[in-house]
Amino acid sequence: MKNRITFLLLLFFGLAAWMSLLKLPFLGLYLCEGYSATDWWQVICHGWTLDLTVAGYLTALPLLLLLLSLVLPLPERLWRILLGLYFGVAALSASAIYALDLGLYGYWGYRIDNSVMIYLATPREAIASLTASDWMRGFAAFGLTSLGFLMLFWLLLKRLRTPSLSGFRRLGEGLVLLLMGGLCFLAIRGGVSVATANISKVYFSADPKLNHAAINPLFSLLSTLGDEQDMEPQYLFFEEQERASRFEELRGNRPDSVLTRRLLKNQRPDVVLILLESFGRTFTDEQLLGEAVTPNLNRWKQEGVWFENFYANSFRTDRGEVAILNGYPAQTRMSIMKYPNKSHSLPSIARSLGREGYQSTFIYGGDLNFTDQASYMYATGWQRLIWQKEIRLDAPLSKWGYADDVMADLVGEELLRLTEPDPATRPPQLLGWLTLSSHEPFEVPYSRFERKELNAVAFTDEQVGRLLDRWRKSPAWENLLVILVADHGYLYPDGMAYNASKRHHIPMLWVGGALNGPLEVESYASQSDLAATLLAQLGISHEEFLFSRNIFHPETPQFGYWCFNDGFGVIDSAGETLYDCTAGRLISEGPDSLHGERLGRGKTLLQTTYKDIRER
């Protein structure tokens, strides 16, 4: 009797102890500087709750097999084989998750969850960001983690005995195993309290990194794999009547009876949208030894309309694209682009312009199958896509596709070809281009800065500057509006918090001969506000765009808004507010009399976004 019981007890607590020890590589990699041994100890202690939960999950099947061994007279060797197969699969799967999480956190700023499935659906693009050191570290983490799991399982299996028992002893051992099953269920549930096991149970600090370190990555991933598209119940901050009342002030689809600023010389220019990969303001404002990282963007700022206080709605390209092209706020733990039955119903700039006679073309040097972009683009009104599937250039491919130098030439030629006929006899054009060279792993045919991120951004800046200079010398320039905007920011410089406003602060610049003249706009706004602002300038209704607010409308509240994995941020001229939805508390520093107002706006937008998703 003791053998089966002892085996399960050692398995359960051995797994929990090993997973607690596996926090040490994460702590050493990401919480080494500025954190004490006490901080590390608190992480391990608070994380023990979810470690026990995952240990309960991993122990459940062995417990069931040992219960069966009491009634099925199979050879002991067969039970060991069955348990050995299970342990092998569990060890390798868990180790892969741990290794993947350890590598991704440096890029994402949060522990692994079901969003990884979006990128693993197209593995070639998903691994394109990884460097040689990432691979080496990942294999080392996988190997050591696997070794630990397999050693634990081997030592336990070596001692396991499943002898046949008499009826009375079999009944007694069965009852004890059933009792252990109840305790295992309690561990899986997270205890006897009303709240079941969830990420927030290990949160203990105002420092998000300490909270993240306490999370068990197996729980973080597995607990979100079954999430449904209906995410609204996670964010029921207000009763429906109050939510609707609060959103009335924030909604974007209000009539544009008054424009305080007219930017364009005419209402039907050719429009080019250039989405700059990872172009955070911490890059574009950077200078090293007096040398600007993006001199071309800085030069064009003096000639165009520059939006000084502009913010990305998220931290990923797929979410940034939807914010820009559809005027739709980002989500915390999901990407609406991945759900075609939802994203296809979104309003879009391409569709609105298409109704007014515009022809639209979107160009990307990589694979638009990544995160379902091709399906999403066509469904939201883009009439023609040019991407890696059909591009045949005499140039080498980077990990993500064709580099921005060769793509700038292709984009330049395409616009000149489309605009060559007389504007009076041809349809106006909408052209989109998503750059890709300033993306991890930042490998570019260029050498200006030692740090690879700065060097890649400088490379893209040079290509875009060259492209604009070329267009300015062409007849197309007089009727051209070019909008340059980043898809998201980047965690630069080192040590920046993943949810910080500086990470989400991005450039937006409008240039072209169709503009009346240079202007600096001080209003606070977000990517999702671009759609309504552009359509209003073109004299086109943006009534469909529930969330997109015309920046120049006199009644528009001026603030920036962004989501991160477990919360949101709101910023205005008076300050900023960050809120952690998992912990249910403010994470902003310092007193601020306007925290309440900004918090209310953020909660309203997040709740309304998920309500809208549910109803699509």
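Out of the residues in segment 506-528 meeting the condition of being assigned to a loop (DSSP other than H, G, I, E, B) and touching a Lys or Arg at 6+ places or on another chain (Cβ under 8 Å), tell me which one is nearest to residue 559 (Cα to Cα).
Taking the candidates together, the pick is 507.
Can you find, within segment 404-426, the residue that is nearest to the chain's Cα centre (by Cα) among those that are surrounded by 16 or more Cβ atoms within 10 Å (Cβ to Cβ) and in a loop (DSSP other than H, G, I, E, B)? For segment 404-426, the residue satisfying everything is 419.
Restricting attention to segment 367-401 and to residues that are over 28 Å from residue 342 (Cα atoms), touching a helix residue (DSSP H, G or I) at 6+ places or on another chain (Cβ under 8 Å) and not small (Gly, Ala, Ser), the residue that is least open to solvent (accessible area, probe 1.4 Å) turns out to be 391. The condition of being surrounded by fewer than 15 Cβ atoms within 10 Å (Cβ to Cβ) and among the aromatic types (Phe, Trp, Tyr) holds for only one of 13, 87, that being 13. Within segment 264-282, the set of residues being at pLDDT 95 or above and more than 24 Å from residue 411 (Cα to Cα) comprises 281, 282. Applying the set (1) open to solvent by 20 Å² or more (accessible area, probe 1.4 Å); (2) part of a helix (DSSP H, G or I); (3) over 25 Å from residue 210 (Cβ atoms) to residue 59 leaves exactly one unmet item: (1). Out of 308, 303, one residue alone is assigned to a strand (DSSP E or B) and out of contact with any Phe, Trp or Tyr (no Cβ under 7 Å at 6 or more places or on another chain). It is 308.
In segment 270-313, of all residues being under 19 Å from residue 518 (Cα atoms) and basic (Lys, Arg), the one that is nearest to the chain's Cα centre (by Cα) corresponds to 301. Take the conditions (1) assigned to a loop (DSSP other than H, G, I, E, B); (2) of a type in the set (A, V, I, L, M); (3) closer than 29 Å to residue 554 by Cα; residue 334 misses just one of them, which is (3). Would you check if there is a residue in segment 555-577 being open to solvent by less than 10 Å² (accessible area, probe 1.4 Å), touching a Gly at 6+ places or on another chain (Cβ under 6 Å), on the phi < 0 side of the Ramachandran plot and in a loop (DSSP other than H, G, I, E, B)? Checking segment 555-577: not a single residue is open to solvent by less than 10 Å² (accessible area, probe 1.4 Å), touching a Gly at 6+ places or on another chain (Cβ under 6 Å), on the phi < 0 side of the Ramachandran plot and in a loop (DSSP other than H, G, I, E, B).
Within segment 462-520, if we keep just the residues that are closer than 29 Å to residue 213 by Cβ and of a type in the set (A, V, I, L, M), the residue that is modelled with the highest pLDDT turns out to be 506.
May I ask you to verify whether residue 187 is aliphatic (A, V, I, L, M), surrounded by 20 or more Cβ atoms within 10 Å (Cβ to Cβ) and either modelled with pLDDT of 75 or more or not in a helix (DSSP H, G or I) (or both)? In short, yes. Inside segment 337-367, residues that are over 21 Å from the mean Cα position of the chain (by Cα), among the hydrophobic types (A, V, I, L, M, F, W, C) and not in a strand (DSSP E or B) make up a count of 3. Against the list (1) open to solvent by less than 20 Å² (accessible area, probe 1.4 Å); (2) in contact with a strand residue (DSSP E or B) (Cβ under 6 Å, 6 or more places away or on another chain); (3) under 24 Å from residue 464 (Cα atoms), the condition residue 359 fails is (1).
Per-residue answers, yes or no, for (1) charged (D, E, K, R); (2) modelled with pLDDT under 80; (3) part of a helix (DSSP H, G or I); (4) within 26 Å of the chain's Cα centre (by Cα):
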{"residue": "74", "(1), (2), (3), (4)": "no, yes, no, no"}
{"residue": "87", "(1), (2), (3), (4)": "no, no, yes, no"}
{"residue": "91", "(1), (2), (3), (4)": "no, no, yes, no"}
{"residue": "97", "(1), (2), (3), (4)": "no, no, yes, yes"}
{"residue": "130", "(1), (2), (3), (4)": "no, yes, no, yes"}
{"residue": "139", "(1), (2), (3), (4)": "no, no, yes, yes"}
{"residue": "144", "(1), (2), (3), (4)": "no, no, yes, no"}
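Scanning segment 24-38 for residues that are in a helix (DSSP H, G or I) and open to solvent by 10 Å² or more (accessible area, probe 1.4 Å) yields 24, 25, 28, 29, 30, 37, 38. Assessment of segment 39-56 against the conditions (surrounded by 14 or more Cβ atoms within 10 Å (Cβ to Cβ) and closer than 20 Å to residue 160 by Cα) yields at least one matching residue. The listed residues are 301, 342, 265, and the only one of them that is of a type in the set (D, E, K, R), in contact with a Lys or Arg (Cβ under 6 Å, 6 or more places away or on another chain), open to solvent by 10 Å² or more (accessible area, probe 1.4 Å) and at negative phi turns out to be 342.
The values are calculated or read from the model by the stated rules, or taken from the named source; none is laboratory data. Everything numeric in this text was worked out from a predicted model, so none of it was measured. Neighbour counts run over all protein chains shown; Cβ positions are idealised from the backbone, glycine included. SASA here: full protein model, heavy atoms, side chains in, ligands and nucleic acids out. Shrake-Rupley method; radii C 1.70, N 1.55, O 1.52, S 1.80 Å.
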